[in-house]
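Peer 1: Before anything else, here's the structure in question.
The values are calculated or read from the model by the stated rules, or taken from the named source; none is laboratory data. Owing to the predicted nature of the structure, the values given are computational and were not obtained by experimental measurement. Note that each Cβ is placed from the backbone with ideal geometry, even for glycine, and that neighbours are counted across all protein chains shown. Remember, those area values only see protein heavy atoms, side chains included, never the ligands or the DNA or RNA. Shrake-Rupley method; radii C 1.70, N 1.55, O 1.52, S 1.80 Å.
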Amino acid sequence: VAKRRRSHGWQVYVEGSMELGRELAVLGEELGQAVTAGEMRVAYQPIVALSSGDLAGVEALARWHHPTRGIVPPATFIPLAEETGHIHEIGSWVLEQALVQVKQWQDRLPPERGMYLSVNVSALQLERPAFADEVIELIERVGYNPARLVLEVTESALVNEAAALSHLTELRKRGIRVAIDDFGTGYSSLRYLSRLPVDILKIDRSFVAELNGDPAGAAVAEAVIRLGQILQLHTVAEGIEQPAQATELTMLGCDNAQGYHFAEPLAVDAMDALVNRASAEWPSLPEAPARVS
Ligand code: C2E
Ligand code: MG
Ligand code: MG
Ligand code: MG
């Protein structure tokens with residue numbers, strides 16, 4: 001019986017993977033039209049300042065609303081976009097959308113209350129010679145304040161990648177900040193970290209998940225926060241789901257945090273309402289500008 005089951009399982013596996021391959025090929029082709037067909041959206045996940053609880057910024061997260069399959073998650077379509085080369089088009093579309101949208105939200109908030117935009121950038125985008133120029137051209141066209149833009153890259157996109165390093169160095173000269181996403185999960189090259197063109201460490205959510213009141217569980221998160229303090233880098237924790245995790249990160253001195261405990265990635269309408277509320281709740285300073293909307 002065990003043998004039969006195994007061979008049956010194998011058959012299913014082979015057929016399944018062929019089907020999966022075909023399906024991915026179709027999906028990859030459809031991805032090429034997704035932007036022009038208006039199927040891409042950007043969701044915005046609030047990033048909260050732990051010391052005050054204020055909205056500090058948002059991370060832009062791409063969403064593909066497929067006409068028949070429903071929402072295809074980025075974990076599926078981003079790798080596919082990288083394989084097919086559509087990542088360049090999708091990446092610049094997300095950046096432009098988000099810059100225009102977040103600028104509108106910034107304009108509703110008092111300047112000192114501001115908010116920043118954090119956008120994921122694929123390693124492949126950083127290989128393109130024109131990347132930095134295109135980003136600069138885009139923020140100028142949109143009239144976006146570069147000091148309020150963060151580009152999120154992974155460790156592996158930076159280490160020994162000359163093109164990526166020169167793009168990010170150039171962009172940082174314009175005031176754009178760079179974050180290392182999912183920090184701690186890549187090749188933790190502490191040797192290079194102090195010399196990398198980065199400003200922010202994003203603590204991967206797998207380390208946040210270990211924050212359960214047990215000191216051993218806090219070890220990695222605490223180490224990253226201390227490292228950030230020593231190297232004068234901001235720290236942002238990802239994937240906060242429990243109130244106790246937010247408390248613990250605050251005590252450890254982490255700067256900002258995001259996660260379902262605060263808010264899920266939100267569609268434009270929902271984020272819009274949140275910005276209006278943040279604007280309304282802003283202490284009634286006499287010089288607070290009038291609210292739009
Ligand atoms: P990421 O950059 O690390 O983004 C954070 C991911 O964690 C998002 O998944 C977000 O929805 C999820 N998340 C947020 N809070 C929580 C929480 O409390 N618990 C859990 N379990 N998850 C939480 P999402 O939106 O599915 O994106 C997955 C990844 O896809 C992103 O990981 C990012 O690497 C990539 N991605 C998304 N949008 C883009 C894009 O426009 N360009 C590129 N290059 N990559 C993107
Ligand atoms: Mg990210
Ligand atoms: Mg990422
Ligand atoms: Mg991450």
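Peer 1: Determine whether Ala267 is more than 26 Å from Ala147 (Cβ to Cβ), in contact with a His (Cβ under 8 Å, 6 or more places away or on another chain) and either open to solvent by less than 20 Å² (accessible area, probe 1.4 Å) or more than 15 Å from ligand 4 (Cβ to nearest atom) (or both).
Peer 2: Details: more than 26 Å from Ala147 (Cβ to Cβ): yes; in contact with a His (Cβ under 8 Å, 6 or more places away or on another chain): no; either open to solvent by less than 20 Å² (accessible area, probe 1.4 Å) or more than 15 Å from ligand 4 (Cβ to nearest atom) (or both): yes.
Criteria not met by Ala267.
Peer 1: Which one of Ala157, Ala123 is among the aliphatic types (A, V, I, L, M) and out of contact with any strand residue (DSSP E or B) (no Cβ under 8 Å at 6 or more places or on another chain)? Talk me through it step by step, then tell me what you get.
Peer 2: On the way: Ala123 fails: out of contact with any strand residue (DSSP E or B) (no Cβ under 8 Å at 6 or more places or on another chain).
That would be Ala157, the only listed residue that is among the aliphatic types (A, V, I, L, M) and out of contact with any strand residue (DSSP E or B) (no Cβ under 8 Å at 6 or more places or on another chain).
Peer 1: Collect the residues in segment 150-165 that are in contact (Cβ under 8 Å) with a residue 12 or more places away in the chain and more than 14 Å from ligand 1 (Cβ to nearest atom), keeping them in residue-number order.
Peer 2: Leu158, Val159, Glu161, Ala163, Leu165
Peer 1: For segment 194-205, enumerate the residues that are within 30 Å of Gln242 (Cα to Cα) and open to solvent by less than 30 Å² (accessible area, probe 1.4 Å).
Peer 2: Within segment 194-205, Val198, Ile200, Leu201, Lys202, Ile203, Asp204 meet the criteria.
Peer 1: Collect the residues in segment 57-70 that are open to solvent by less than 20 Å² (accessible area, probe 1.4 Å) and among the small types (Gly, Ala, Ser), keeping them in residue-number order.
Peer 2: Taking segment 57-70 as the starting set, the residues that turn out to be open to solvent by less than 20 Å² (accessible area, probe 1.4 Å) are 57-60, 62, 64, 66.
Gly57, Ala60, Ala62 - these are the residues of segment 57-70 that are open to solvent by less than 20 Å² (accessible area, probe 1.4 Å) and among the small types (Gly, Ala, Ser).
Peer 1: Check Ala179 against each of (1) within 19 Å of Leu50 (Cβ to Cβ); (2) at pLDDT below 95; (3) buried (at least 19 other Cβ atoms within 10 Å of the Cβ); (4) within 15 Å of ligand 4 (Cβ to nearest atom) and name the one condition it does not meet.
Peer 2: The one condition Ala179 does not meet is (2).
Peer 1: Are any residues in segment 215-249 out of contact with any helix residue (DSSP H, G or I) (no Cβ under 7 Å at 6 or more places or on another chain), open to solvent by 80 Å² or more (accessible area, probe 1.4 Å) and outside any helix (DSSP H, G or I), and if so, which ones?
Peer 2: Gln232, Glu241, Gln242
Peer 1: Which numbered condition in (1) over 24 Å from Gly186 (Cα atoms); (2) of a type in the set (A, V, I, L, M); (3) surrounded by fewer than 21 Cβ atoms within 10 Å (Cβ to Cβ) is the only one that Ala163 fails?
Peer 2: Condition not satisfied by Ala163: (1).
Peer 1: Also: In segment 121-154, which residues are within 14 Å of ligand 2 (Cβ to nearest atom) and open to solvent by 10 Å² or more (accessible area, probe 1.4 Å)?
Peer 2: Val121, Ser122, Ala123, Gln125, Thr154
Peer 1: Which pairs turn up if I take residues in segment 128-142 that are under 16 Å from Thr169 (Cβ atoms) and look for partners that are open to solvent by less than 30 Å² (accessible area, probe 1.4 Å) and outside any helix (DSSP H, G or I) with beta carbon separation below 6 Å, at least 6 apart in sequence or on another chain?
Peer 2: That search, which allows pairs on different chains as well, returns nothing.
Peer 1: Across segment 185-202, what is the total count of residues that are farther than 19 Å from Ala147 by Cα, within 13 Å of ligand 3 (Cβ to nearest atom) and of a type outside the set (Ser, Thr, Tyr)?
Peer 2: Of the residues in that region, 1 qualify.
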